[in-house]
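Following: one structure in structure tokens, then a few remarks.
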Amino acid sequence: MDKGIEIRTSPHLKRVISVDKIMRTVVLALLPICAFAVYQFGLSALLLLLTTTGVAMWTEWFFARLSGKGNTLADWSVVITGLLLGLTLPPGFPLWMAAVAAFVGVALGKALFGGLGYNVMNPALVGRAFVQAAFPVAITTWTPAFAPGRFMELIPSTLTLPFMQPNPVKDWVAGLHLDGWSGATPLAIQKFQHIEAPIADAFSGMIAGSAGETSALLILICGLWLAWQRMLDWRIPVSVLAGAALMALPFWLMDSGHYPSPWFVLSSGGLMLAAWFMASDMVASPVTARGVVIYGLFIGSLTVIIRLFGGLVEGVMYAILLGNALGPLISSWTQPRVYGTSKKS
Amino acid sequence: MKHQTAVLDSKLAPEAGLSGLVKRLNTGFLRLFHGHKTFDHGIYPVEHKEWTADKPIRRLPFADELVIPLLQHKGRAAVPIVKVGQEVVRGEPIAHADHFVSVPMHAPATGVIRAIGLAPTAAGPKTQAIYLKVYHAASQEVLYGEHREPERMSAKDIIQSIQDAGLVGLGGGAFPSHVKMHPPAGRVIHTLVVNGCECEPYLTCDHRIMLEQTDALLRGIMIALKATRAERAIIGVEDNKLDAVAHLRARIPKDLPITAEAVQTKYPQGAEKMLIKALLDLEVPAGGLTADVGVAVFNVGTLAQMGELLPNSQGLIERVVTVSGPAVKRPGNFMVPIGTPIRFLLDQVGVDGELGQVILGGPMMGMAVASLDVPVTKSVSGVVALRPEPEDAVRRQVYPCIKCGECLSACPISLNPSMLGELAAAREYATMEESFQLDQCFECGCCAYVCPSNIPLTQYFRIAKSINRDAKKHHEQKQH
Ligand code: SF4
Ligand code: SF4
């Protein structure tokens with residue numbers, strides 16, 4: 001053998017894009033959304049994001065060590081989980097509960113299945129679903145955006161002692177002297193009082209909601225950038241949003257006084273964030289081109305059904321978890337036909 | 001190095017003036033309005049064809065010694081008919097075919113047989129080869145053969161003389177051409193597909209052949225039409241070579257049933273099955289032959305040689321090779337005698353800096369050689385010399401499959417490489433074949449190329465297929 005000659009097997013060319021690059025780019029796309037959340041809700045939101053991300057990373061590290069896998073933090077996927085989880089929680093969510101959510105999400109939602117690539121569902125949503133069931137009050141306690149002094153003081157519930165009920169925020173909110181603050185998100189107001197918040201406000205984020213779910217416009221921009229970088233399958237968010245709008249349309253046409261308009265459906269609640277950054281999770285979505293469209297339409301329409309007819313105000317989380325669970329099935333249904341055969345691969 | 005730089009067939013000075021303008025307008029028009037025919041999926045690797053696309057085919061001097069392996073094709077090895085110490089003339093048969101699926105070898109140069117023994121090959125294991133010491137002083141004229149008129153020959157005679165010429169698929173397939181001319185019983189070939197796609201990055205030899213050896217190519221197509229009894233021929237060319245399409249269209253006589261068509265530039269457009277799909281919208285049945293859909297596919301290089309050799313009843317002794325790659329100083333297209341060691345070829349073009357992998361064929365499906373003593377054989381369309389890759393690129397971290405679906409959108413035959421890869425890691429080789437049609441994979445490399453987790457999918461599949469083959473063989477032996 002000639003010295004210095006290398007031999008490997010074909011193909012000898014490789015597209016230079018790797019998992020860690022994809023994940024890093026997604027993190028990058030999430031940062032403006034996080035920054036806006038902090039701008040909107042202040043220190044509490046910052047601490048919340050740091051907590052979920054930190055605990056998620058620790059949990060990943062811990063389980064990787066336990067299973068002898070080496071350092072899996074380097075693939076950056078867990079950072080996405082931490083940030084997304086933080087973005088879906090109410091800004092004043094007690095930090096200890098957020099830590100529980102992050103731990104459960106990564107441990108049960110990811111490590112238990114064998115880590116990156118093997119998880120059936122989106123770990124961030126697994127964590128959120130867990131705390132939604134465990135702490136129903138805290139997760140529906142909303143605080144107003146742009147509270148004065150939000151960079152100086154924390155929302156009182158943020159620093160609730162572990163295993164304690166959250167500190168009440170009523171008095172604190174009352175102290176802010178905000179007019180018309182009811183403590184409900186636009187989604188809840190629409191659902192129970194049938195009053196739509198102005199679309200422009202909802203779209204630009206001048207409303208209450210989870211830390212990072214409020215500015216549909218910003219999420220849209222970040223998502224589009226990611227899709228343009230080819231780090232995200234644009235068919236997923238597009239079909240989720242299309243599914244939601246198409247499902248909402250007939251009801252709105254029937255009774256626009258009672259049901260939300262498709263515009264409101266798209267720009268309110270967690271739908272935008274979920275469509276662009278959670279439903280599009282590669283691992284938990286189907287692998288076929290036709291499959292992702294079905295999956296997206298399913299999630300979008302189910303979200304609207306839950307919102308309109310379920311007991312919950314927001315349904316996108318459960319819709320995605322269900323979509324995730326169906327993912328492998330959808331993949332196998334939608335396998336293309338193999339060249340030269342009548343069979344599917 | 002001063003040497004004759006003979007240019008074949010047509011003149012190739014860069015065209016200026018009116019005719020050049022007309023030609024450019026012509027290709028511009030084609031670019032807008034051709035049908036962009038193609039197959040499903042596939043990939044778009046960086047091609048680097050610009051390094052050699054405008055380099056006319058040049059002749060290189062002879063190496064001191066040529067190494068002619070007896071098995072350069074698919075099928076049975078040729079049997080030597082010369083003895084050590086025997087002098088041979090360029091073009092003289094030196095090994096004959098003793099089987100239908102085999103081809104003879106001819107002396108690529110005038111010289112003396114130094115030895116018959118083992119020689120290294122690209123694939124790894126050494127094979128029998130004839131070592132020919134070249135007489136540099138000899139005229140190297142091909143004196144062998146006599147003039148014939150293929151138009152007057154019967155199909156049977158043509159097929160025989162194609163075998164006698166030692167012709168195999170020069171696009172890389174290396175399948176004996178005469179065997180493909182024979183449709184299996186009960187099959188009729190209606191269309192001859194002439195493969196001028198050259199979808200592998202770096203390679204431009206077929207491009208040059210279409211431009212420079214047009215007459216020989218058209219002659220070869222007519223011969224193949226006669227032998228296969230096909231009604232028409234379609235030359236399929238990727239649309240990164242629209243100049244070739246325009247050139248061919250201008251040169252094809254109106255009364256011949258030959259057309260030239262552009263297809264989309266996409267790898268692996270040059271795979272037989274993909275090209276048939278693109279041009280004719282037909283699918284070769286799994287496990288079947290192209291003849292099953294009435295088609296025979298030949299590479300442009302093969303047919304150009306056919307058109308060159310048959311009328312003179314000569315044998316295949318040289319071929320056009322693209323020598324290119326980042327480690328090559330003066331990349332180009334060369335007419336290379338069969339048996340020329342890669343080392344000699346690289347010396348001629350100059351190696352720039354350190355040498356990494358040296359690949360025979362294209363980088364997507366070609367083989368990296370373990371030794372520079374490996375000779376150019378009939379199927380070597382290119383020699384691509386890469387630079388050593390940085391350590392982190394070589395040992396790219398392999399991540400678990402993240403189910404991104406890129407491989408599914410790349411696989412030209414719509415397999416599920418993600419699933420196959422997981423089964424391979426779990427050594428479920430039988431399931432791969434039974435439930436996921438591993439046997440259909442033709443190792444094109446698209447899936448491994450796109451995988452962001454850097455999973456060596458194609459290599460997995462190659463190994464799995466060979467294990468399945470062995471298992472089958474084993475099973476059969478037990479039954480007898
Ligand atoms: S190597 Fe095989 S599985 Fe991979 S893309 Fe090519 S044909 Fe499909
Ligand atoms: S390209 Fe690689 S990571 Fe993506 S689905 Fe295929 S095997 Fe998995």
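The figures follow:
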| quantity | calculated |
| --- | --- |
| Some residue of region A:308-329 being at the interface with chain B (Cβ under 10 Å from one of its Cβ atoms) and among the aliphatic types (A, V, I, L, M) | no |
| Some residue of region B:317-329 being assigned to a strand (DSSP E or B) and within 30 Å of A:Thr341 (Cα to Cα) | no |
| Out of B:Cys451, B:Cys444, sole residue that is closer than 21 Å to B:Gly172 by Cβ and within 16 Å of ligand 2 (Cβ to nearest atom) | B:Cys444 |
| Failed criterion for B:Gln437 (all others in (1) open to solvent by less than 20 Å² (accessible area, probe 1.4 Å); (2) more than 26 Å from B:Gly356 (Cβ to Cβ); (3) within 14 Å of ligand 2 (Cβ to nearest atom) hold) | (3) |
| Test result for B:Glu443, surrounded by fewer than 19 Cβ atoms within 10 Å (Cβ to Cβ) and within 14 Å of ligand 1 (Cβ to nearest atom) | yes |
| Count of residues meeting criterion [away from ligand 2 (no atom under 16 Å from the Cβ), within 14 Å of chain B (Cβ to nearest Cβ) and not in a helix (DSSP H, G or I)] in region A:95-152 | 3 |
| Residue list for region A:109-122, restricted to those being free of Cβ contacts under 8 Å to residues at least 60 places away in the same chain and surrounded by 17 or more Cβ atoms within 10 Å (Cβ to Cβ) | A:Gly109, A:Lys110, A:Ala111, A:Gly115 |
| Residue list for region B:330-368, restricted to those being of a type outside the set (A, V, I, L, M), in a loop (DSSP other than H, G, I, E, B) and over 30 Å from B:Pro93 (Cα atoms) | B:Arg330, B:Pro331, B:Gly350, B:Asp352, B:Gly353, B:Glu354, B:Gly356, B:Pro363 |
| Residue check, B:Ile359 touching a helix residue (DSSP H, G or I) at 6+ places or on another chain (Cβ under 7 Å), facing another protein chain (nearest Cβ under 8 Å) and free of Cβ contacts under 8 Å to residues at least 60 places away in the same chain | no |
| B:Gly405 within 16 Å of ligand 1 (Cβ to nearest atom), open to solvent by less than 10 Å² (accessible area, probe 1.4 Å) and more than 30 Å from B:Leu71 (Cα to Cα) | yes |
| Residues within region B:92-139 that are open to solvent by 30 Å² or more (accessible area, probe 1.4 Å), part of a loop (DSSP other than H, G, I, E, B) and of a type in the set (Val, Ile, Thr), tallied | 1 |
| Residues located in region A:211-265, provided they are open to solvent by less than 70 Å² (accessible area, probe 1.4 Å), free of Cβ contacts under 8 Å to residues at least 24 places away in the same chain and out of contact with any helix residue (DSSP H, G or I) (no Cβ under 9 Å at 6 or more places or on another chain) | A:Pro250, A:Asp255 |
| Some residue of region B:290-299 being touching a residue at least 12 places away in the same chain (Cβ under 8 Å) and at positive phi | yes |
| Output for region A:15-63, where each listed residue is out of contact with any helix residue (DSSP H, G or I) (no Cβ under 7 Å at 6 or more places or on another chain) and of a type in the set (Phe, Trp, Tyr) | A:Tyr39, A:Phe41, A:Trp58, A:Phe62 |
| All positions within region B:28-68 that are touching a helix residue (DSSP H, G or I) at 6+ places or on another chain (Cβ under 7 Å), more than 16 Å from ligand 2 (Cβ to nearest atom) and over 30 Å from B:Ala138 (Cβ atoms) | B:Leu30, B:Arg31, B:Lys37, B:Thr38, B:Phe39, B:Ala53 |
| So B:Asn468, is it away from ligand 1 (no atom under 12 Å from the Cβ) and in a loop (DSSP other than H, G, I, E, B) | no |
| Helices (runs of 4 or more DSSP H) completely within region B:140-242 that count 1 or more residues being at pLDDT 90 or above, open to solvent by 30 Å² or more (accessible area, probe 1.4 Å) and under 25 Å from B:Gly75 (Cβ atoms) | B:155-164, B:214-228 |
| Cβ pairs under 9 Å, 6+ apart, first in region B:442-462 and more than 26 Å from B:Val284 (Cα to Cα) and assigned to a loop (DSSP other than H, G, I, E, B), second near ligand 1 (Cβ under 6 Å from one of its atoms) and among the aliphatic types (A, V, I, L, M) | B:Cys451/B:Ala410; B:Cys451/B:Leu457 |
| Tally of residues being away from every other protein chain (no Cβ under 14 Å) and buried (at least 24 other Cβ atoms within 10 Å of the Cβ) across region A:59-82 | 2 |
| Count - residues of region B:267-297 that are part of a helix (DSSP H, G or I) and within 14 Å of chain A (Cβ to nearest Cβ) | 12 |
| Condition check for B:Ser371: in a helix (DSSP H, G or I) and more than 14 Å from ligand 1 (Cβ to nearest atom) | no |
| Breaking point among (1) assigned to a loop (DSSP other than H, G, I, E, B); (2) within 14 Å of chain B (Cβ to nearest Cβ); (3) in contact with a helix residue (DSSP H, G or I) (Cβ under 7 Å, 6 or more places away or on another chain); (4) not acidic (Asp, Glu), for A:Val283 | (3) |
| Residue in region B:409-424 that is farthest from the other protein chains (Cβ to nearest Cβ), counting only those that are more than 9 Å from ligand 1 (Cβ to nearest atom) and hydrophobic (A, V, I, L, M, F, W, C) | B:Ala424 |
| Test for B:Val300: is it away from chain A (no Cβ under 14 Å) and open to solvent by less than 10 Å² (accessible area, probe 1.4 Å) | yes |
| Hits in region B:425-441 - residues which are without any contact (Cβ under 8 Å) to a residue 40 or more places away in the chain and facing chain A (nearest Cβ under 8 Å) | B:Phe436 |
| Boolean, B:Lys403 is touching a helix residue (DSSP H, G or I) at 6+ places or on another chain (Cβ under 7 Å) and within 14 Å of ligand 2 (Cβ to nearest atom) | yes |
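The values are calculated or read from the model by the stated rules, or taken from the named source; none is laboratory data. Nothing here was measured: the structure is a model prediction, and the numbers come from that model. Note that we place each Cβ from the backbone using ideal geometry, even for glycine, and neighbour counts take in every protein chain shown. Surface accessibility is based on the protein's heavy atoms, side chains included, excluding ligands, DNA and RNA. Shrake-Rupley method; radii C 1.70, N 1.55, O 1.52, S 1.80 Å.
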